[in-house]
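In what follows, a structure is listed as structure tokens, so that the remarks can point back to it.
The values are calculated or read from the model by the stated rules, or taken from the named source; none is laboratory data. Remember, it's a predicted structure, so these values are computed and weren't measured experimentally. No Cβ is skipped: glycine too gets one built from the backbone with ideal geometry, and neighbour counts run over all protein chains shown.
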Amino acid sequence: MTVESTAARKPRRSSKRTSAAKTPAKAPEGSAPELVQLLTPEGERVEHPDYSIDLTAEELRGLYRDMVLTRRFDAEATALQRQGELGLWASLLGQEAAQIGSGRALHDDDYVFPTYREHGVAWCRGVDPTNLLGMFRGVNHGGWDPNSNNFHLYTIVIGSQTLHATGYAMGVAKDGADSAVIAYFGDGASSQGDVAEAFTFSAVYNAPVVFFCQNNQWAISEPTERQTRVPLYQRAQGFGFPGVRVDGNDVLACLAVTRSALERARRGEGPTLVEAFTYRMGAHTTSDDPTKYRADEERAAWEAKDPILRLRAYLEKQGAADEAFFTALDEESEALGKRVREAVRAMPDPDRMAMFDHIYADGNPLVDEERAQFAAYQASFAEEGE
Amino acid sequence: MAVAKMSLAKALNESLRRALDTDPKVLIMGEDVGKLGGVFRITDGLQKDFGEERVIDTPLAESGIVGTAIGLALRGYRPVVEIQFDGFVFPAYDQIVTQLAKMHARALGKIKLPVVVRIPYGGGIGAVEHHSESPEALFAHVAGLKVVSPSNASDAYWMMQQAVQSDDPVIFFEPKRRYWDKGEVDTEAIPGALHAASVARTGTDLTLAAYGPMVKVCLEAAAAAQEEGKSIEVVDLRSMSPIDFDTVQASVEKTGRLVVVHEAPVFYGSGAEIAARITERCFYHLEAPVLRVGGYHAPYPPARLEEEYLPGLDRVLDAVDRSLAY
């Protein structure tokens with residue numbers, strides 16, 4: 001059986017998913033549902049039997065605003081890298097709907113474990129976007145307090161954070177709290193053992209965690225076919241929990257599906273795998289050249305599915321936003337770009353002694369010794385200069 | 001009763017029991033740690049008394065054990081995880097080195113990672129492949145980790161208490177061939193710092209420095225040397241990261257000679273670090289180069305050869321003689 005035929009197989013789903021979901025750690029019968037979509041690329045609203053959503057015009061405008069500002073921030077960061085202000089940037093271009101849709105499904109007391117591209121999710125958590133740039137500028141390796149926004153540090157080693165999320169979720173369950181945890185990762189990370197172990201642990205302990213895989217089709221230059229022979233969402237079934245594939249360029253569907261998965265976790269029914277089927281429009285990072293490994297036609301086909309354009313088309317058709325809204329948003333975007341640009345340029349290099357800070361919570365005599373030696377060495381230059 | 005005689009294994013068990021009893025956030029996790037009590041029975045009876053929510057049998061996945069322990073620590077728990085044998089830690093090595101060791105620094109100190117990773121280590125019990133190794137240097141090389149190993153029951157009891165209370169990750173190497181050695185444990189004593197070395201035997205002619213399973217060998221060597229009229233001091237390092245060089249230095253300044261003994265391969269081993277530092281600190285006190293006794297640059301051999309591989313009394317005494325001959 002080819003991948004294509006597996007993906008296209010008609011599900012025997014109907015109402016089974018809902019009933020199966022009430023039994024913890026048991027996979028739904030039959031195959032998982034096909035791509036969940038609530039808003040077509042043309043901006044037409046469509047219904048789905050399992051994932052209904054009813055948003056006010058203000059909420060729709062809010063999602064649009066989030067996506068536009070996130071894209072603007074991302075574009076500014078890419079430009080700053082090209083100007084030499086950042087050492088590297090991992091762009092989220094094209095993945096705004098997956099991140100804003102899932103991010104806006106979260107409650108304040110939910111906890112997020114991102115990879116290194118979740119700038120839109122960070123935005124939804126209220127993390128100041130300039131905080132995300134420190135590690136890319138080279139002034140720190142993370143630098144924010146994960147507990148201030150329930151948004152963990154970016155994780156570079158792919159898939160590692162899915163285990164942290166699972167452990168955190170096990171703790172949430174132990175505490176009897178009714179919050180949930182979400183772990184972000186990509187299609188490339190799905191090949192890592194840690195992700196498989198996270199699936200195992202979360203299923204065995206019925207942990208309240210949602211695994212949100214942004215399948216953006218490419219792991220640097222390796223296509224999804226090099227990661228898996230079955231659609232990624234179907235992996236969940238083998239571990240004993242539901243998997244669902246959502247149109248990752250449809251912010252409404254991403255919101256509805258993630259909300260449902262989080263609610264399931266909060267009800268004590270265990271993990272869910274959400275595969276957001278999307279596309280990374282830019283490079284993996286600014287160090288990479290996607291023209292070497294993928295065709296222009298492919299990118300063009302995905303451009304037609306742009307998450308921002310389709311919501312704009314819907315807003316306009318609905319009369320949910322007027323010209324003044326879009327004009328004001330343009331101005332807000334430019335102001336954000338300017339703020340980010342100025343903040344990065346003003347970002348000071350860390351104090352040279354900072355490399356000895358926070359290595360051990362309890363302190364450490366070796367670190368103290370080397371810190372003192374380094375300080376004395378630096379001081380010797382100052383004396384020479386006088 | 002505050003003072004009791006017990007095996008090193010029992011001391012660890014009692015210490016973990018006390019930790020579970022004292023702090024409801026302490027958890028025990030690992031393969032077979034529940035009903036079985038661990039393959040060495042270090043967690044014997046703990047699940048029965050503290051329940052499956054505190055003493056957690058895990059899937060057989062070492063990266064998963066450490067990775068989920070990190071998540072639990074981020075949630076405010078204090079997990080003590082068991083890696084069943086030394087050679088099995090490597091599937092978890094990535095989580096320990098790339099995540100556990102660095103997260104506190106990456107968050108600029110805003111979060112703490114109080115995770116203890118217990119690893120029964122070392123040879124001498126006739127085990128099969130991957131059950132007899134001493135990988136401590138691989139962990140000591142990584143900033144952010146504490147690496148310790150007790151050599152006796154009392155240290156096992158108290159160092160485990162300190163490891164659990166530490167807000168930093170601690171790699172706790174348990175000398176598995178000393179599990180059944182008995183010693184006195186004073187459960188009301190006030191212990192020294194976790195990283196402090198101790199002088200296990202005083203002497204004036206030469207210093208033997210060792211930790212974990214080799215301390216006993218060194219004490220036996222010192223006793224044998226005494227019969228030949230040589231006065232040997234034995235320093236039990238107890239901690240491989242950080243290392244209490246002050247205590248070693250004080251001893252070497254007195255004796256003028258140092259031999260470092262460990263089971264791990266000598267090449268790039270902890271003996272190299274100690275030799276370099278002590279040479280730097282004590283150059284004008286040394287009567288001989290710092291010598292090292294340890295394993296060879298070979299995979300840990302099959303059990304029928306391990307007596308040849310492991311430093312024994314004769315190899316330690318040979319090094320003592322070589323040092324004294326300078």
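What to note about this one:
- Count of the stretch B:73-93 residues which are within 21 Å of B:Ala143 (Cβ to Cβ) and at the interface with chain A (Cβ under 7 Å from one of its Cβ atoms): 1
- Subset of the stretch B:118-153 that is among the β-branched types (Val, Ile, Thr) and away from chain A (no Cβ under 14 Å) - its residue that is nearest to B:Glu308 (Cα to Cα): B:Ile125
- Among the candidates A:Val157, A:Val172, the residue that is assigned to a helix (DSSP H, G or I) and modelled with pLDDT of 95 or more is uniquely A:Val172.
- If only residues of the stretch A:213-259 that are modelled with pLDDT under 95 and part of a helix (DSSP H, G or I) are counted, the one that is nearest to the chain's Cα centre (by Cα) is A:Thr224.
- Total residues in the stretch A:140-168, condition more than 7 Å from chain B (Cβ to nearest Cβ), surrounded by 23 or more Cβ atoms within 10 Å (Cβ to Cβ) and either of a type in the set (S, T, N, Q) or more than 13 Å from the chain's Cα centre (by Cα) (or both): 4
- Neighbours by Cβ (under 6 Å, 6+ apart or cross-chain): first from the stretch A:199-214, facing another protein chain (nearest Cβ under 10 Å) and touching a residue at least 12 places away in the same chain (Cβ under 8 Å); second among the hydroxyl-bearing types (Ser, Thr, Tyr) and part of a helix (DSSP H, G or I): A:Phe201/A:Thr166; A:Phe201/B:Thr68; A:Ser202/A:Thr166; A:Ala207/A:Thr166; A:Val209/A:Thr166; A:Val209/A:Ser202
- Against the numbered list (1) over 29 Å from B:Thr68 (Cβ atoms); (2) in a helix (DSSP H, G or I); (3) within 14 Å of another protein chain (Cβ to nearest Cβ), B:Ile243 comes up short only at (2).
- Among the residues of the stretch B:37-70, the ones that are at positive phi and either touching a Pro at 6+ places or on another chain (Cβ under 9 Å) or away from every other protein chain (no Cβ under 14 Å) (or both) come to 4 in all.
Each row is one residue, and each column tells you yes or no for (1) crowded, with 23+ Cβ neighbours inside 10 Å; (2) touching a Pro at 6+ places or on another chain (Cβ under 7 Å); (3) closer than 28 Å to B:Glu31 by Cβ.
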residue	(1), (2), (3)
B:Gly123	yes, no, yes
B:Val128	no, no, yes
B:Ala196	no, no, no
B:Leu208	yes, no, no
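- Hey, A:Glu118 of a type in the set (Asp, Glu), touching a helix residue (DSSP H, G or I) at 6+ places or on another chain (Cβ under 7 Å), buried (at least 23 other Cβ atoms within 10 Å of the Cβ) and under 21 Å from B:Gly71 (Cβ atoms) or not: yes
- Residue among A:Asp194, A:Asp178, A:Asp187 that alone is among the charged types (D, E, K, R), more than 9 Å from every other protein chain (Cβ to nearest Cβ) and surrounded by 24 or more Cβ atoms within 10 Å (Cβ to Cβ): A:Asp187
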